[in-house]
Number of protein chains: 2
Amino acid sequence: MAKKTHAETTALIVGGGFAGVACAKKLAEHGISVTLLDKNNYHQFQPLLYQVATGMLGPADIARPLRAIFAKHKTVDVKQAEVAHVDVANRTVRTTDGLDFSADYLVLAMGSQPNFFNTAGAVEHTFPLYSLDDAERLRSRVFEVFEDADSRPELVERGALNFVIVGGGATGVETAGALADLVNEVMPERFHDLAIRAARVYIVDVGHALLAPFSEEAHAYAAKVLQRKGVELRMGCSAKEILEDRVVLSDGSEILTHTVVWAGGLQAPQLASVCQLPQGRGGRFEVERDLSIEGVPGVYAIGDVANIPGADGHALPQLGSVALQAGTAAAHSILADVEGQARPAFHYHDKGIMAMIGRGAAIAEVGKHHHELHGPVGFAAWLGVHAWLLSGVREKVDAFISWGWDNLGHGRAATVIDRPDAARIDWGTEDES
Amino acid sequence: MAKKTHAETTALIVGGGFAGVACAKKLAEHGISVTLLDKNNYHQFQPLLYQVATGMLGPADIARPLRAIFAKHKTVDVKQAEVAHVDVANRTVRTTDGLDFSADYLVLAMGSQPNFFNTAGAVEHTFPLYSLDDAERLRSRVFEVFEDADSRPELVERGALNFVIVGGGATGVETAGALADLVNEVMPERFHDLAIRAARVYIVDVGHALLAPFSEEAHAYAAKVLQRKGVELRMGCSAKEILEDRVVLSDGSEILTHTVVWAGGLQAPQLASVCQLPQGRGGRFEVERDLSIEGVPGVYAIGDVANIPGADGHALPQLGSVALQAGTAAAHSILADVEGQARPAFHYHDKGIMAMIGRGAAIAEVGKHHHELHGPVGFAAWLGVHAWLLSGVREKVDAFISWGWDNLGHGRAATVIDRPDAARIDWGTEDES
C-alpha cells in the first residue's frame, strides 16, 4: 500500500468495549480517521452489570453513549450497526442493513457471548449477564418474584425466592454476594409480612473452588464470606438441565427456581465465525505478540475475542484491564505500520485481580500478594479501582454517589421493575395451584 | 359499623401515585392499617417523565420503590397487583391473580390513562408519556432514529428526524422544548456527519394556544420560546390519523415521522369503569367536598380519577399538587369517620402552575401573577419546585446532581438505547428503499 499520512489513514474497529474504545482513542490522538462500529449506542462497564441486576446502580451509572465518549474526537465516526459479514482479506465489513465499511486497518474487538456449554434449557430459561439489556431484565425478574411471593405466599414453596447462579467465577461470586445482601438487608425492610428467611441463593459450579483464577486463600475466603451470608454452594456439580421452574443438577438433585443467572463462562461471539479466520480455544482468534493476525495484513484482534499471548506464552485471561491495554497496544502497532516502523510487542502490565463479595468484603490479588479487604476500606478500594476504570467523569461521580447512598441508607432507588415483559411469570391462578 | 380504634381500622388504597401515597402516609401516621395496591412496584414523578424520554434523567431519578417509601411505616402493607374488579358496596377489590382485599375504608386513586379521542392509529403508532415504561420506550426510539439516519442519510427525507407531539399542554410543551434542545445542542456534538439541521420538532394542537390553562401572556411566551428553538407549531389542527410512517392532519397535510408523542390529554383509566359508580366528565368519579362518593359509605376518590369540586364549584384540574393535597384530605376525612366527627371539606391551596420550556426558560403563574423565568434563575426555581415535590431525599439529591451535570456539561448519560424492541424500525433494506 502506498505510504499515507496519518490523516489519510483509515481504521475500522468492530466493537466499542474496553478494547475498541481504547484503540480508537489512541488512534484519534494521532489523527487517524477511525470508524467505530457497535450494535449498541453505548459503551458498558461490564464488571458492574451485576450491580444493575441487583438494583444497586442504575443503567446510566455503568454505561456511557459512545458518541459522548468521542464527542471531542472529530476524526472518530461512531456508527451503531450490527455486523453481518467480515471480509478480512479486503478489510471490509457489511452490516445487517446492507451498508459496507472498509479501511486501511481492521480491528476486531467484538467481545464475547455467554457460553452455555450446550446445557439443555439454558438459552431459554436463564439470565446471562453480558449486556445492559440482560441486567435490566434480570433486575425486573428478581424484584418481581418478591412481589409475587408477597401476594401469594404459597409460591415460596414453589421456589419463587430461590436464586440459582451457575458459575462460581468473579461474576457468579459478586452476583451471589449482592443477591444475598438484598435478601438479608434490603428486603426485610421492604416486606413487612413476607417470610424473607425462606429465600435462598445458590451457586452451582462444576469445579471445586470459587474464584478459580485467584489463590487458594481467596477460594477459602470467598466460600467463608458467602456461606456466612447464607449462600449455599453446590461445588463439583453442574447444571444438567434448566427448566422453566427448576434446575436439574448433575448429581440428580433439583432446585426449584424461576431465576437462574448464567455466569458460566464466555466464548467468542457468533460474529467471530463469519470472519473466515482460524478460531482457537473458546472460538477466539490467535494473535501474534503485536496483536496482528497471521496471514491477513492490516488486521488486528483485541479484547475478549482474542487469545493474546502473555509473557509465559499462555493466553491472557478475558479481563477488562487486558482489553484496555491491548486496545492501546494495537493502536501503537497500527501507528508503527503507518510510519514504516517495526511493530512493538504487547506486554501486559498485571494490575491484579479483584472481586467484591457483597457489601462488606473484597479480595484483591496482585502477583503473589493476597489482600482480604473488609468493611469500608475494602469497599473504598474496590470502588476506587472500578471508578478509575470508568470512562468519563460524570459516571465516576454518579457511581460514587449512588454507592455512597446505598452504603449509608440501603437506598437502592434503582429497584424499579421497568421490564414487565421479562419479569412476569405465569404461576397459574389461585385455583389451579 | 361498630366503633373501632385506629389500630383496628383498615383502609385499602388503589393506586400509589401522589394521591394514594399522601393518603397512606397520613393514615399511617395515625396508626391506621393500610394496604396500598399498585400495578407497579414504584411511585413515579409523572411531571418529569419527559426528561427520561429525552435522556436528561434516568428512570431511577424520577421513580421510587413504593416499599422504600413505606419502609418505616410498619402499618402500611404494599402489594404489587393489578386490580380486576372493585366492589364498592363491600369495599372489596379482586386482583387479576384472583386475590381479594377488603377494608373498612376504600380509597380510589387509580390515576389516569391517555385519551386518544378515537384517533385512528394512535394506540398502535404513538408513544404516550404516562408510565416509566412509556418514557423508556420513547427514549430508545428517539435515540435510535438518529443512529438510523446517521447510517442511512436518505432516511432523513423519509422523516426519520421528524418528531411530532400531539397536544400543546404542559407535557407537550415541555417535551417539545427538551427535544428541540436535544436537536440543537446535544446531537451536533455527537454526530459529526449527520445533517442535524434537517431535524424538526412539531406540536400539533386543535386549540389556538399553547399551555391553555395559563394566561394569554404565557401562551405567547411559550410560542415565542419554542419557535426560537425551531419548533414548528401547527395550531388549530388535529391529528386525524397516525400511520406507521406519518401523521395525517385535519387540514389534509401530512408530516412524515416514526416518532409521535401523544400528549393529547388524559381520561379515567379502564379500571374506573369496573367500579359500578357513575362516571362524570372524562370518565372520572364525582366526589363530594369531603372527597367521599355519594351513596357508598366508606369510599373515597382522589387524584386524577376524581372530579374534585374547587371553591368555585368547578372541578379542579388534574395536577400533582391537587392529588397530593387531596390524598392528605381524604385521610383526614377517614380519621374523622373513625373518631365519629364531621368530615372536613377539602380546600385546595393553589400553589400555582409552572412549565419548563427547554433549558433556558420557564413560566410560573400563581393566581394572577405571571412570571417568565429565564436562564439559571428560571431553571433553579423550576427545579426547586419539582425537587420539593419528589418524595425522598435521595431522589432530590440525585435529580439535582443529574440536572446540574446536564446544565453544565450537556452530559446526558441516560441516552442509552436499552429498549431495542421499542427502538427498532423496519426501514426496509438498502435495495428496497
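Pop out the carbon and sulfur fraction of the accessible area of segment B:315-375 as a percent, whole number, probe 1.4 Å. Spell out each step's value before the answer.
Numbers: 1540 of 2730 Å².
So the carbon and sulfur contribution to the accessible surface is 56 percent.
Under 19 Å between alpha carbons, and skipping anything fewer than 8 positions from A:K368 in its own chain: which lysines qualify?
A:K351
Using the scaling law 2.2 N^0.38 Å as the reference, what is the normalised Cα Rg of segment B:219-269? All intermediate terms of the calculation are to be shown ahead of the outcome.
Details: Rg = 13.0 Å, N = 51, 2.2 N^0.38 = 9.8 Å.
Working it through for segment B:219-269, the quotient is 1.32.
Let me know the charge dipole size of segment A:76-133 about its Cα centre in debye, to the nearest 20, where only the beta-carbon of Lys, Arg (+1) and Asp, Glu (-1) is charged. Don't jump to the answer; show the numbers that get you there.
On the way: 3 positive and 8 negative charges, 27 e Å.
Charge dipole of segment A:76-133: 140 debye, to the nearest 20.
Could I have the simple spin-label model distance between A:K3 and A:E339, label points 7 Å from Cα toward Cβ, reported in nm to one decimal?
It works out to 1.4 nm between the two label points.
With no solvent and one equal point scatterer placed on each C-alpha of segment A:77-162, evaluate the Debye formula and give log10 I(q)/I(0) for q = 0.12, 0.16 Å⁻¹, two decimals.
-0.62, -0.83
Just for the protein assembly as shown, what percent of DSSP beta bridges are antiparallel, to the closest 5?
Working: 63 of 133 bridges.
For the protein assembly as shown, the DSSP antiparallel bridge percentage is about 45.
So, with +1 on the Cβ of K and R and -1 on the Cβ of D and E, and no other charges, what is the size of the charge dipole of the protein assembly as shown about its Cα centre, to the nearest 20 debye? Mind dumping the intermediate values first?
Details: 76 positive and 108 negative charges, 395 e Å.
Using only the charged Cβ atoms, the result is roughly 1900 debye.
Relative contact order, percent, of segment B:179-240 when contacts are C-alpha pairs under 8 Å separated by at least 6 residues? Let's see the in-between values first.
Values: 64 pairs, mean separation 25.2, N = 62.
RCO, segment B:179-240: 41 percent.
Would you mind getting the accessible area per residue of segment A:109-220, heavy atoms of the protein chains only, 1.4 Å probe, in Å²? Present the calculation step by step, with values, prior to reporting the outcome.
On the way: 3850 Å² over 112 residues.
The answer is 34 Å² per residue.
Quantify how strongly other chains surround peptide B:66-75 by giving the mean number of their Cβ atoms within 10 Å of each of its Cβ atoms.
Numbers: counts 2, 11, 9, 1, 3, 7, 1, 1, 1, 1.
Mean partner shielding for this stretch: 4.
Set the Förster radius R0 to 30 Å, insert the Cβ-Cβ distance between B:V366 and B:E29 as r into 1/(1 + (r/R0)^6), and round the FRET efficiency to 0.05. Can you show the working numbers first?
On the way: r = 29 Å, r/R0 = 0.96.
Working from the Cβ atoms, E equals 0.55.
Please compute, for peptide B:333-342, the average count of beta-carbon atoms on other protein chains lying within 10 Å of each residue's beta-carbon. Intermediate results must be reported in sequence, preceding the final value.
Details: counts 0, 0, 0, 0, 0, 0, 0, 0, 0, 0.
Mean shielding count: 0.
Let's test this: bin the Cα-Cα distances of segment B:254-330 at 10 Å from zero up to the farthest pair and state each bin's percent.
17, 46, 21, 10, 5, 0
Using a 10 Å cut-off on Cβ to Cβ distances, tally the other chain neighbours for every residue of B:124-137 and report the average as a whole number. List each step's numbers first, then the result.
Values: counts 0, 0, 0, 0, 0, 0, 0, 2, 3, 6, 0, 1, 4, 1.
The mean count of partner-chain Cβ atoms within 10 Å per residue comes to 1.
Subtracting the Cα-Cα distance from 0.36 nm times the residue separation, let me have the gained length for B:E185 to B:A212 in nm, one decimal. Before the final figure, lay out the partial values.
Numbers: separation 27, 0.36 × 27 = 9.72 nm, distance 2.80 nm.
The span from B:E185 to B:A212 would gain 6.9 nm if fully extended.
Along Cα→Cβ, 7 Å out, is where each label goes; now give me the distance between the ones at A:D350 and A:E124 in nm to one decimal.
Inter-label distance under the simple model: 4.4 nm.
Can you grab the distance from the C-alpha centre of segment B:326-363 to the C-alpha centre of segment B:134-201, Å, no decimals?
After rounding, the separation between the Cα centres reads 37 Å.
Find the sum over both chains of the accessible area lost when A and B are paired, probe 1.4 Å, and report it in Å² to the nearest 100.
Numbers: alone 19190 and 19190 Å², together 33640 Å².
Using a 1.4 Å probe on protein heavy atoms, the buried area is about 4700 Å².
At 7 Å along the Cα-to-beta-carbon direction for both B:A195 and A:V274, put a label point, then send me their distance in nm to one decimal.
3.0 nm
Give me the percent of DSSP beta bridges within segment B:165-306 that run antiparallel, rounded to the nearest 5. Present the calculation step by step, with values, prior to reporting the outcome.
Values: 9 of 18 bridges.
Here the antiparallel bridges make up roughly 50 percent for segment B:165-306.
Each residue of segment A:138-151 in order: what ³J(HN,Hα) in whole Hz does its phi give by Karplus 6.51 cos²θ - 1.76 cosθ + 1.60, θ = phi - 60°, with x for Gly and Pro?
Rounded to whole hertz, the list is 4, 4, 4, 5, 4, 6, 5, 5, 5, 4, 4, 5, 5, 6.
Given segment A:113-174, what whole percent of its Cα pairs are spread farther than 20 Å? Before the final figure, lay out the partial values.
Working: 671 of 1891 pairs.
Beyond 20 Å sits 35 percent of the P(r) for segment A:113-174.
Of all DSSP beta bridges in chain A, what percent run antiparallel (nearest 5)?
Details: 31 of 66 bridges.
If I count the DSSP bridges inside chain A, around 45 percent turn out antiparallel.
Can you give me the long-range amide H partners of A:A120? Hydrogens built in the peptide plane at 1.01 Å from N, cutoff under 5 Å, separation of 5 or more residues or another chain.
Close amide H contacts, sequence-distant or interchain: A:I242.
Using the per-residue mean of other Cβ atoms lying within 10 Å as a proxy for protection, in what order, highest first, do the peptides A:356-362, B:226-232 fall?
Working: A:356-362: 24.4, B:226-232: 17.7.
Taking the mean over residues of other Cβ atoms within 10 Å, the ranking is A:356-362, B:226-232.
Quick one: which residues, 5+ away or cross-chain, put their amide H under 5 Å from the amide H of A:V287? H built at 1.01 Å from N.
Result for A:V287 returns A:N307.
How high is the relative contact order of chain A, in percent, with contacts defined as C-alpha pairs under 8 Å that are six or more residues apart?
Values: 902 pairs, mean separation 88.6, N = 433.
Contact order relative to length: 20 percent.
With the dipole of chain B worked out from charges on the C-beta (+1 for Lys and Arg, -1 for Asp and Glu) around the Cα centre, which of B:Y202, B:A329, B:V86 lies farthest toward the positive end?
The one lying farthest along the dipole's positive direction is B:A329.
Loop-only trypsin sites (Lys or Arg not before Pro) in segment B:1-68, please: DSSP not H, G, I, E or B, and at most 15 other Cβ atoms within 10 Å. Working shown, then result.
Values: sites: B:K3, B:K4, B:K25, B:K26, B:K39, B:R67; in loops: B:K3, B:K4, B:K39.
Answer by residue number: B:K3, B:K4.
Nothing charged except the Cβ atoms of Lys and Arg (+1) and of Asp and Glu (-1): what's the magnitude of the dipole of chain A about its Cα centre? Round to the nearest 20 debye.
Charge dipole, chain A, about its Cα centre: 1360 debye, nearest 20.
Assuming a ≥ b ≥ c are the square roots of the Cα gyration tensor eigenvalues, decide whether the protein assembly as shown counts as rounded (a/c under 1.5), prolate (otherwise, with a/b larger than b/c) or oblate.
Details: a/c = 2.14, a/b = 1.33, b/c = 1.60.
Since a/c reaches 1.5 but b/c is at least a/b, the shape of the protein assembly as shown is classed as oblate.
How much length, in nm to one decimal, is gained on full extension between B:E157 and B:E294, taken as 0.36 nm per residue of separation minus their Cα-Cα distance?
Numbers: separation 137, 0.36 × 137 = 49.32 nm, distance 5.69 nm.
Length gained, B:E157 through B:E294: 43.6 nm.
Determine which chain A residue has its Cβ at minimum distance from the rotation axis mapping A onto B, giving the value in whole Å.
A:G58, 2
Explain nothing, just the number: relative contact order of segment B:192-305, from Cα pairs under 8 Å at least 6 residues apart, as a whole percent. Walk me through the numbers before you get to the answer.
Numbers: 127 pairs, mean separation 17.1, N = 114.
Once divided by the residue count of segment B:192-305, the mean separation gives 15 percent.
The values are calculated or read from the model by the stated rules, or taken from the named source; none is laboratory data. Every value quoted in this text rests on a predicted model; they were computed, and no experiment measured them. Note that we place each Cβ from the backbone using ideal geometry, even for glycine, and neighbour counts take in every protein chain shown. Calculation scope for accessible area: heavy atoms of the full protein, side chains included, ligands and nucleic acids excluded. Shrake-Rupley method; radii C 1.70, N 1.55, O 1.52, S 1.80 Å.
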